[in-house]
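The values are calculated or read from the model by the stated rules, or taken from the named source; none is laboratory data. Remember, it's a predicted structure, so these values are computed and weren't measured experimentally. Positions of Cβ are generated from backbone atoms using ideal geometry, with glycine treated the same way; all protein chains shown enter the neighbour counts. Calculation scope for accessible area: heavy atoms of the full protein, side chains included, ligands and nucleic acids excluded. Shrake-Rupley method; radii C 1.70, N 1.55, O 1.52, S 1.80 Å.
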Amino acid sequence: MSDPVASPDLIVVGGGILGLSIAYHYSRLGRGRVVVLERQMLAGAATSRAAALLTQARSQPALIPLVRQTYRDIADLEQMLDDPLDLHRVGSLHLAASADRARELKELADLNERHGVRMRWLDPRDLPLLVPWLNAESVQAALFTPDDGYIDPYRLAQAYARAARQQGAILTQNVAVQHLLLESGRVTGVRTTQGDYHAPRVVLAAGAWSAVLARQAGFGIPSTPVRSQYWITAPHPRFPRQHPLVILPDARAYTRPEVGGLLFGLREARSVSVDPRDLPDDLANLSFGDDQGWASLGEGAGLLERFLPALPELAIQSYITGPSTYTPDGLFVLGATPGVAGLLLATGCCGAGIAASGGIGRAVATLAADKEPPFDLGAFRPDRFGVVDPFDPDFRRRCEQARSGKRSG
Ligand SMILES: Cc1cc2nc3c(=O)[nH]c(=O)nc-3n(C[C@H](O)[C@H](O)[C@H](O)COP(=O)(O)OP(=O)(O)OC[C@H]3O[C@@H](n4cnc5c(N)ncnc54)[C@H](O)[C@@H]3O)c2cc1C
């Protein structure tokens, strides 16, 4: 009899939130044994660094059902584990302070309402009641999504992990995948630091490292790790513990409450990326440059100050940065790898991997079980850009631009 650990039905490479959500959904289907192989700690890489805004309103309709699945998963996991996951359902506010952004906001509202996202317009004069720190003088339009929230991303990932284990999934740590095992155009397993594992299907959910492994199979994943970063202020009475997420496209910024302080993220006009081959295994050793975010803060502070006049006086308590894998069109990379039977991809999360973790996990698990996915994955096809070299500087620049140009969520 074959060893069910070394010869499962499905191998998932990477124990970040996506690998864990896939394991949860696959084991839930009851179609066979899944093993997750994680090189470091579960959920210790990009996942634990996320700001974890779970915004439902998206300018790309294919994303909307994936995020809504995450909210359903949170409710299911809380019930299954009998453990509240502290989803902070504070709502989100998209604000526009220019005619162009106001027009985009109207389009966002029309699109998302058609997809069943509950939203309403607010009078900008009422905003200080909801968000006391906000200077709303220049705000022309304010769109409120009452059902949005944020969550501790590590806690959500661990909930997927616990539920997956309860359903029979095997989750490993300190097992690094070194090579994909390939035979006659199909994947047959992986070689790891702890020996070989064999399975008819392998999912690459190795986050920013996925491109290096996929290259072994001759496929260029169309994404690159781009710097994402945010700052957290010291607690201050002007920041209520519960108030809405605020998305400020005019300032290329977003905010959310964080234990009495304010978490704010800034997108640079010119984002920076790293060659995936140069990524260290441990993100604690990753540097996007020498400035530790100070240059971005200097560049973005002026724009944000228009809405947060107190910014220059605030004490910054933490700076968090990490790689977010971006594609040129801001959409994920999900589905079968062209030319390699049995190899599925789940990466390219464009700063939305926590928000869409439920939908991605369910969709990819269903594909791995040879069933029709519950969502249309056409927009996420891995080969939609044709043949791509993810290590080429010109291609990486296209991915950087996708982050700089992001306006919603
Ligand atoms: C600063 C920042 C803010 C963010 N804010 C948000 C937000 O507000 N909302 C949101 O939805 N998303 C946000 N994101 C994006 C989100 O964090 C990612 O989309 C998500 O965590 C991706 O999950 P993952 O499982 O693909 O990757 P990871 O969490 O990086 O997991 C990949 C795993 O694969 C493992 N691995 C790699 N290579 C191997 C190998 N050879 N063998 C075995 N294991 C391997 C790694 O060790 C790692 O644990 C943010 C990201 C950053 C950096």
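Brief remarks follow.
- Complete set of residues in region 64-104 that are closer than 21 Å to L130 by Cα, among the hydrophobic types (A, V, I, L, M, F, W, C) and touching a helix residue (DSSP H, G or I) at 6+ places or on another chain (Cβ under 8 Å): L87, L93, L95, A96, A97
- Of the numbered criteria (1) of a type outside the set (D, E); (2) within 8 Å of the ligand (Cβ to nearest atom); (3) closer than 20 Å to A23 by Cβ, the one Q178 fails is (3).
- Scan region 100-120 for residues that are open to solvent by 70 Å² or more (accessible area, probe 1.4 Å) and out of contact with any strand residue (DSSP E or B) (no Cβ under 6 Å at 6 or more places or on another chain) and the total you get is 8.
- Checking each residue in region 147-165 for being under 17 Å from R89 (Cα atoms) and assigned to a helix (DSSP H, G or I) picks out P153, R155, L156.
- Identification of strands (runs of 3 or more DSSP E) wholly contained in region 200-291 with 2 or more residues that are outside the structural domain of S184 (by TED's automatic domain parsing), within 14 Å of the ligand (Cβ to nearest atom) and more than 15 Å from W133 (Cα to Cα) yields 224-233, 261-266.
- Meets criteria (more than 19 Å from I170 (Cα to Cα) and within 13 Å of the ligand (Cβ to nearest atom)) for A75: no
- Residue list for region 38-55, filter: within 13 Å of the chain's Cα centre (by Cα) and more than 6 Å from the ligand (Cβ to nearest atom): A43, S48, L54, T55
- Selection count where residues are touching a Lys or Arg at 6+ places or on another chain (Cβ under 9 Å) and either open to solvent by 30 Å² or more (accessible area, probe 1.4 Å) or part of a helix (DSSP H, G or I) (or both), scope region 121-136: 2
- Annotation: of all residues in region 6-21 being in contact with a Phe, Trp or Tyr (Cβ under 8 Å, 6 or more places away or on another chain) and near the ligand (Cβ under 6 Å from one of its atoms), the one that is nearest to Q194 (Cα to Cα) is G14.
A quick yes/no check of all residues on (1) surrounded by fewer than 17 Cβ atoms within 10 Å (Cβ to Cβ); (2) among the hydrophobic types (A, V, I, L, M, F, W, C):
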{"site": "R186", "(1), (2)": "yes, no"}
{"site": "L204", "(1), (2)": "no, yes"}
{"site": "W209", "(1), (2)": "no, yes"}
{"site": "A234", "(1), (2)": "yes, yes"}
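- Among the residues making up region 27-53, those that are open to solvent by less than 30 Å² (accessible area, probe 1.4 Å), out of contact with any Lys or Arg (no Cβ under 9 Å at 6 or more places or on another chain) and not in a loop (DSSP other than H, G, I, E, B) are V34, V35, V36, L37, T47.
- Residue-level analysis places F307 outside the set of residues that are touching a Gly at 6+ places or on another chain (Cβ under 6 Å) and modelled with pLDDT of 95 or more.
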